[in-house]
Amino acid sequence: MKFFIDTADIKEIVDLAATGMVDGVTTNPTLAAKESRDFKAIIKEICSIIPGSVSAEVVATEHKKMMKEADILRKIAKNVTIKLPLTWDGLKTCKQLTSEGTTVNMTLCFSATQALLAAKAGATYVSPFIGRLDDVGQDGMELIADIMQVFENYPELETQVLAASIRHPVHVLQAAKLGAHVATLPPKILRQLLNHPLTDKGLATFLEDWKKTGQVIG
Ligand code: G3P
């Protein structure tokens, strides 16, 4: 499973890139707004840190304007992935961009039929929002399961399922069990994946016991 981080915070990206666990980055207009900096400059900087896919979302809602924004964003760096909303204009734009060799992440996916449309439009990634479905009393993970099942029936569909709106480590585990290709994680959740009190306790005991030997390894 690939791990992307869902942030536009450069400090977090630099810090987590050093772990070797970051395969890509996703941003959205809300995350970009938190940074109070020029969006294109942020994307350029992220692309220089992370060699993998970096999702940059258009804010236009009409096909021609989406294409115009996408054209500006994709010129920033080779690893920019254009993020588009799951609307008819978004799908039309997806089809055009992917036919031109640009990678696309179709976002705001809340149903398996939307995911199927994204795949038919040639999307590189489709982003089902798990947490936001949980928030309204639906089971977000069921959506991941449905999409995986549908895609498995049609091996010609190459779209990768990018589990998004992840709120806790159990979401990551469940999405991985279902075979989601990518999970995009807020930095805090990526860090939480490693936490276990028994690891900390065990390490403290090993080190205490080793100290008693008076030995050094090197
Ligand atoms: O990648 C989509 C993600 O940013 C949405 O997460 O927590 O705002 O639902 P959230």
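List of remarks:
- Taking a Cβ cut-off of under 11 Å around ALA164, the surrounding Lys, Arg, Asp and Glu residues balance to a net charge of +2, with basic ones at +1 and acidic ones at -1.
- Each residue, THR87 and GLU100, gets one label point 7 Å from its Cα in the Cβ direction; the gap between the two is 1.9 nm.
- Radius, Kirkwood style, for segment 1-48 when every pair of distinct Cα atoms is counted (Å): 10.9 Å
- With the whole protein complex present, ASP15 retains an accessible surface near 80 Å², based on a 1.4 Å probe.
- Between ARG132 and ILE49, the modelled labels are 2.4 nm apart [label points 7 Å from Cα along Cα→Cβ].
- Computed with a 1.4 Å probe over protein heavy atoms only, the accessible surface of the chain comes to 54 Å² per residue.
- Across LYS34/LYS95; LYS2/LYS64; LYS120/LYS177; LYS78/LYS177; LYS92/LYS177; LYS11/LYS78, pairs whose alpha-carbon gap is larger than 27 Å: LYS34/LYS95; LYS2/LYS64; LYS78/LYS177; LYS92/LYS177
- Dipole of the chain, positive direction: furthest Cα of ALA176, LEU198, MET1, with charges on the beta-carbon: MET1
- Taking the chain and dividing mean pair separation by its residue count, relative contact order in percent (alpha carbons under 8 Å, at least six apart): 17 percent
- Taking the chain as a Gaussian network of alpha-carbon nodes connected by springs under 10 Å, the highest mean-square fluctuation of the residues ARG37, ARG191, ARG167 belongs to ARG37.
- Heavy-atom accessible surface of the chain: percent carbon and sulfur, 1.4 Å: 57 percent
- Charge tally in the Cβ shell below 12 Å around GLU45, where Lys, Arg are +1 and Asp, Glu are -1, GLU45 excluded: +1
- Fully extending the segment from ILE217 to LEU193 would add 5.6 nm, taking 0.36 nm per residue of separation and subtracting the current Cα-Cα distance.
- Highest-fluctuation residue, VAL172, VAL59, VAL136 considered, GNM on the chain with Cα pairs under 10 Å: VAL136
- A 1.4 Å probe over all protein chains sorts LEU178, LEU198 by accessible area into LEU198, LEU178, starting with the largest.
- Rounded to the nearest 10 Å², the accessible area of ILE144 at probe 1.4 Å: 0 Å²
- Rh by Kirkwood over Cα pairs, then Stokes-Einstein D for the chain at 0.692 mPa s and 37 °C, µm²/s: 178 µm²/s
- GLU100 accessible area, 1.4 Å probe, all protein chains in place, Å² to nearest 10: 90 Å²
- In plain terms, the chain from MET1 to TRP210 could stretch by 71.6 nm, reckoned as 0.36 nm per residue minus the Cα-Cα distance.
- For the set TYR125, TYR154, the ranking by accessible area, highest first and with no ligand, DNA or RNA atoms included, is TYR154, TYR125 under a 1.4 Å probe.
- Here the spin labels are modelled as points 7 Å beyond Cα on the Cα-Cβ line, and at ALA33 and GLU152 they lie 3.9 nm apart.
The values are calculated or read from the model by the stated rules, or taken from the named source; none is laboratory data. Not measured: the values here are computed from a predicted model. Ideal geometry is used to build each Cβ from the backbone, glycine not excepted, and the neighbour counts take in all protein chains shown. Only protein heavy atoms, including side chains, enter the accessible area calculation; ligands, DNA and RNA are left aside. Shrake-Rupley method; radii C 1.70, N 1.55, O 1.52, S 1.80 Å.
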